[in-house]
Amino acid sequence: MPLEEYRAKRDFEKTCEPSGAGRTKPRELPIFVVQEHHASTLHYDFRLEVDGVLKSWAVPKGPSLDPAVKRLAVQVEDHPLGYASFEGTIPQGEYGGGTVTIWDHGTYESLMGEKAEPRTASEAIEAGRIEFVMHGKRLKGRFALVRMRTQAKGKPQWLLMKLKDEFAEVGEGSDRRRRN
Ligand code: MN
């Protein structure tokens, strides 16, 4: 059951988040969304469309465009595709209570199919490393998500990093968390 954990955590009578029921149209390229989530602590939810769901990571500091900066990304439960357009306020006392706004969205392309041992995005995430190109407003170019070898108790910990290319921004100004 792909969205079992997502649904188990939420009461759809109380939260305005999507339940994930219903179908969504197939697209040419998979989508991504990054949502700014003012829950008990501010974090950025980084989501990639893979096999009909949004693979999801909570990134406390948000993405950086500086390849020298690796950001902790805690993998959380898969979310329904419909979550990609969700903005609103989850009631206090409910799971993830607080305000969600879309920080960036667009499409992405996995680069893992071009490797010596080609993998689908789903296989790459299962194996703990995915490289991809983002086509967003704030996030452009190559990024990687890498699962850390040593894991603390609880949810899987990954690192989100920019890979070097013409869209990388080194040092000051590379942190696009501030709104323009
Ligand atoms: Mn969140």
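Tabulated values for the structure
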quantity: Some residue of segment 55-65 being touching a helix residue (DSSP H, G or I) at 6+ places or on another chain (Cβ under 8 Å) and open to solvent by 40 Å² or more (accessible area, probe 1.4 Å); calculated: yes
quantity: Number of the exception - MET134 against (1) open to solvent by less than 30 Å² (accessible area, probe 1.4 Å); (2) among the hydrophobic types (A, V, I, L, M, F, W, C); (3) free of Cβ contacts under 8 Å to residues at least 40 places away in the same chain; (4) not in a helix (DSSP H, G or I); calculated: (3)
quantity: Of all residues in segment 46-92 being under 9 Å from the mean Cα position of the chain (by Cα) and either more than 20 Å from VAL133 (Cβ to Cβ) or among the hydrophobic types (A, V, I, L, M, F, W, C) (or both), the one that is nearest to the ligand (Cβ to nearest atom); calculated: ALA58
quantity: Index of the failed condition, LEU111 passing every other in (1) surrounded by 15 or more Cβ atoms within 10 Å (Cβ to Cβ); (2) within 29 Å of ARG10 (Cβ to Cβ); (3) aliphatic (A, V, I, L, M); calculated: (2)
quantity: Matching entry among GLN92, GLN75 (being exposed (fewer than 15 other Cβ atoms within 10 Å of the Cβ) and either touching a Pro at 6+ places or on another chain (Cβ under 9 Å) or not in a strand (DSSP E or B) (or both)); calculated: GLN92
quantity: Contacts under 7 angstrom Cβ, first residue in segment 9-22 being over 11 Å from PRO91 (Cβ atoms), partner open to solvent by 40 Å² or more (accessible area, probe 1.4 Å) and modelled with pLDDT of 95 or more, 6 or more apart; calculated: none
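The values are calculated or read from the model by the stated rules, or taken from the named source; none is laboratory data. As the structure is a computational prediction, the values presented were derived from the model and not from experiment. Cβ atoms come from the backbone with ideal geometry, glycine included; neighbour counts cover every protein chain shown. Please note that ligands, DNA and RNA were not included when accessible areas were found on the heavy atoms of the full protein model with its side chains. Shrake-Rupley method; radii C 1.70, N 1.55, O 1.52, S 1.80 Å.
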